[in-house]
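Structure first, then comments.
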Amino acid sequence: MSLTALITGGAGGLARAMIEALLEDGVACVAFDRDPAALARLQADFGDGVTTVPGDVSITSDCAQAVTAAVAATGRLDLLVNNAGIGMSSLRANAETRLPDLEELTDAVWDRFFAVNVRGPLAMTRFAMPHLKQSPRGQVVNVTTSYFTMHRVAPYGPTKAALESMTAIFAKQFKADGVAFNVLVPGGATDTPFVSDASGIPRDKMLKPAVMGPPIRWLASRAPRDFTGMRIAGQDWDATLGEDAAALKAARPAAWPELGPTPAWST
């Protein structure tokens with residue numbers, strides 16, 4: 001069975017790592033990104049396995065067009081990865097470590113973060129859902145952040161907390177429709193342009209984007225269909241184990257790790 005994945009923020013560091021991993025399993029990838037030059041480089045690097053779609057997730061009509069383009073390219077849509085986002089470095093280059101004060105959190109800043117990091121994934125999910133319901137492996141994977149970051153810095157942390165909460169809610173709401181909702185995060189600061197060089201975080205201490213590869217392959221093609229409402233941190237994926245065992249070790253319930261019984265898929 002040939003699957004199609006649509007990845008937002010599709011030309012960035014985490015997305016490139018996920019696309020490379022998905023292509024290894026023969027998954028057709030559609031990359032949606034607001035940077036045409038980065039999309040062109042992605043196309044040059046990966047060739048016909050990747051379809052590129054320019055656009056901005058904060059513009060609802062662009063989200064609709066991205067889903068339409070993905071389905072037009074392959075005739076189906078099985079996996080939506082809501083990866084696009086803006087972080088603290090977009091507010092100020094050193095805002096990761098010199099946190100913004102209240103005066104910097106203007107209405108415009110707050111609304112921009114929520115438009116990209118929350119409303120964009122919601123729009124993408126809404127337009128993708130009719131196609132995901134038709135897929136035997138329909139799934140939405142939301143890229144959030146560590147719980148530490150959710151509690152550390154605004155407005156980025158609140159947006160990712162909202163997206164994580166949305167994952168848990170929709171996992172329950174759409175379970176009967178056969179569409180899974182899960183979270184995938186690197187597990188800490190990751191060496192991509194998302195974090196500015198001026199952040200103060202040493203790049204040699206950062207995770208590498210490749211930590212996203214093994215779990216996204218498993219989620220896309222091999223995860224049990226009742227694996228939903230969960231989160232996986234890429235840095236916790238133990239490659240010395242079998243995939244199911246690695247997922248069981250790395251997975252926690254989305255939104256609130258202390259809630260919920262052991263999932264049925266793990267027994």
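The values are calculated or read from the model by the stated rules, or taken from the named source; none is laboratory data. Computed from a prediction, not measured in an experiment: that's the story for all the values here. No Cβ is skipped: glycine too gets one built from the backbone with ideal geometry, and neighbour counts run over all protein chains shown.
Under the condition of being in contact with a strand residue (DSSP E or B) (Cβ under 9 Å, 6 or more places away or on another chain), part of a helix (DSSP H, G or I) and touching a residue at least 24 places away in the same chain (Cβ under 8 Å), the residues counted in region 21-37 number 2.
Of the residues making up region 155-164, not a single one is under 24 Å from Ile19 (Cβ atoms), touching a strand residue (DSSP E or B) at 6+ places or on another chain (Cβ under 7 Å) and basic (Lys, Arg).
Look at Pro209 and say whether it is modelled with pLDDT under 90 and touching a Ser or Thr at 6+ places or on another chain (Cβ under 8 Å). Yes: the conditions hold for Pro209.
Taking the criterion of being hydrophobic (A, V, I, L, M, F, W, C) and buried (at least 17 other Cβ atoms within 10 Å of the Cβ), the residues of region 24-44 that qualify are Val27, Ala28, Cys29, Val30, Ala31, Phe32, Ala38, Leu39, Leu42. Those helices (runs of 4 or more DSSP H) of region 62-165 in which 2 or more residues are modelled with pLDDT of 95 or more occupy 107-114, 120-134. Scanning region 1-20 for residues that are assigned to a helix (DSSP H, G or I) and buried (at least 23 other Cβ atoms within 10 Å of the Cβ) turns up Leu14, Ala15, Arg16, Met18, Ile19. Would it be correct to say that Thr190 is closer than 23 Å to Phe32 by Cβ and at pLDDT 85 or above? It is false that Thr190 is closer than 23 Å to Phe32 by Cβ and at pLDDT 85 or above. The number of residues in region 205-228 that are in a loop (DSSP other than H, G, I, E, B) and either buried (at least 22 other Cβ atoms within 10 Å of the Cβ) or acidic (Asp, Glu) (or both) comes to 4.
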